[in-house]
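One structure is given below, encoded as structure tokens.
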Amino acid sequence: MEIKHIKAIGSLIAEYHSDLTFISKFQKYKNEQRNYKTYLNEAHGFQKFVNAFRIARNFEKGKAGILLELTIKYIEGTKNPDVMNFVKFLQNNTSITRGKNTVSLASKILFLNSPIEIVPFDRQVMKSLGMRENDYSIFIKKKEVFIKQNNEVIQNCIKEANLLLNKIEKGFEKDKFGDMNIIRENRFIDKLLWVSGK
């Protein structure tokens with residue numbers, strides 16, 4: 001096991017509870033169990049998420065509420081929310097993203113909606129995978145290759161953290177996110193790609 005693997009395990013353990021809390025609060029808001037203003041501004045609410053995941057710089061200041069509304073509109077109007085389609089939707093429907101190709105922003109927000117299907121994507125991950133294209137569909141292909149090449153290490157690292165991850169996940173049993181094994185693996189892959197790109 002290399003230092004980068006140990007760093008990724010440490011990052012996963014340190015941030016996993018917070019990641020699951022962000023997912024939980026978004027899911028509850030989406031399913032109309034939370035008040036809009038409360039969710040936008042609370043601890044682990046939408047504003048805190050865009051700050052923590054470093055996407056606040058991708059849209060105009062003070063417009064997190066508009067971004068949240070557009071996100072829900074897109075998710076509710078789409079059978080299978082897709083990162084690149086969400087990028088186009090934001091470009092076509094709002095000036096808050098200044099017309100930029102906001103793949104990182106789109107992937108990180110849709111990760112809250114579909115943590116099993118979506119792994120966040122950013123420049124650090126691009127660097128780790130040797131990518132030049134800011135394109136989520138290319139990332140998916142390169143990520144799959146990365147997983148195949150590193151599958152044994154990935155599984156061993158997750159096994160090392162298994163006891164602690166189980167304890168963290170116990171607090172989210174009522175949330176019914178889906179297969180927690182896939183979510184924890186996705187979160188570890190994200191952390192490993194991030195530390196590998198440094």
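The values are calculated or read from the model by the stated rules, or taken from the named source; none is laboratory data. Note that the structure is a prediction, hence the values are computed from the model and not measured. Every residue, glycine among them, receives a Cβ derived from its backbone with ideal geometry; neighbour counts consider all protein chains shown. Calculation scope for accessible area: heavy atoms of the full protein, side chains included, ligands and nucleic acids excluded. Shrake-Rupley method; radii C 1.70, N 1.55, O 1.52, S 1.80 Å.
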Here FRET efficiency (C-beta to C-beta, Asn101 to Ser18, R₀ 35 Å, nearest 0.05) is 0.80
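Would you mind working out the magnitude of the charge dipole of the chain relative to its Cα centre, with +1 at each Lys and Arg C-beta and -1 at each Asp and Glu C-beta, to the nearest 20 Debye?
It comes to approximately 540 debye.
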Measuring from the longest principal axis of the C-alpha atoms of the chain, the long axis of helix 180-196 (C-alpha) lies at a number of degrees, nearest 10, equal to 80
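Roughly what percent of Cα-Cα pairs across the chain reach past 27 Å? Present the calculation step by step, with values, prior to reporting the outcome.
Values: 5456 of 19503 pairs.
So the portion of pairs separated by more than 27 Å is 28 percent.
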If one compares the long axis through the Cα atoms of helix 64-76 with the longest principal axis of the Cα atoms of the chain, the angle in degrees, nearest 10, works out at 80
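Sorted by accessible area (1.4 Å probe), largest first, how do Glu173, Glu144, Glu2 line up? Display every interim value, and only then the final one.
Details: Glu173 125, Glu144 80, Glu2 105 Å².
Result, largest first: Glu173, Glu2, Glu144.
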Shape descriptor, region 1-116: equivalent ellipsoid semi-axes (Cα gyration tensor, sqrt 5λ, whole Å, largest first) stand at 24, 17, 14
Low-density loop chymotrypsin sites (Phe, Trp or Tyr not before Pro), region 1-49, at most 10 other Cβ within 10 Å, DSSP non-H/G/I/E/B, are none
XL table Lys28/Lys167; Lys37/Lys63; Lys7/Lys142; Lys30/Lys61; Lys170/Lys191; Lys28/Lys174; Cα-Cα > 18 Å flagged, in table order, is Lys28/Lys167; Lys7/Lys142; Lys30/Lys61; Lys170/Lys191
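Would you mind putting 128-135, 51-58 in packing order, based on average other-beta-carbon counts within 10 Å, highest first? Working shown, then result.
On the way: 128-135: 14.2, 51-58: 16.0.
My ranking of the peptides, most packed first, is 51-58, 128-135.
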Taking every other residue with Cβ under 14 Å from the Cβ of Phe22 and scoring Lys and Arg +1, Asp and Glu -1, one gets +3
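Work out, step by step, the length gained on full extension between Tyr36 and Lys73: first 0.36 nm times the residue separation, then minus their alpha carbon distance; give nm to one decimal. The partial results should precede the final answer.
Details: separation 37, 0.36 × 37 = 13.32 nm, distance 1.37 nm.
Result for the pair: 11.9 nm of gain on full extension.
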Ranked output for segments 158-169, 178-189 by mean other Cβ atoms within 10 Å, highest leading, reads 178-189, 158-169
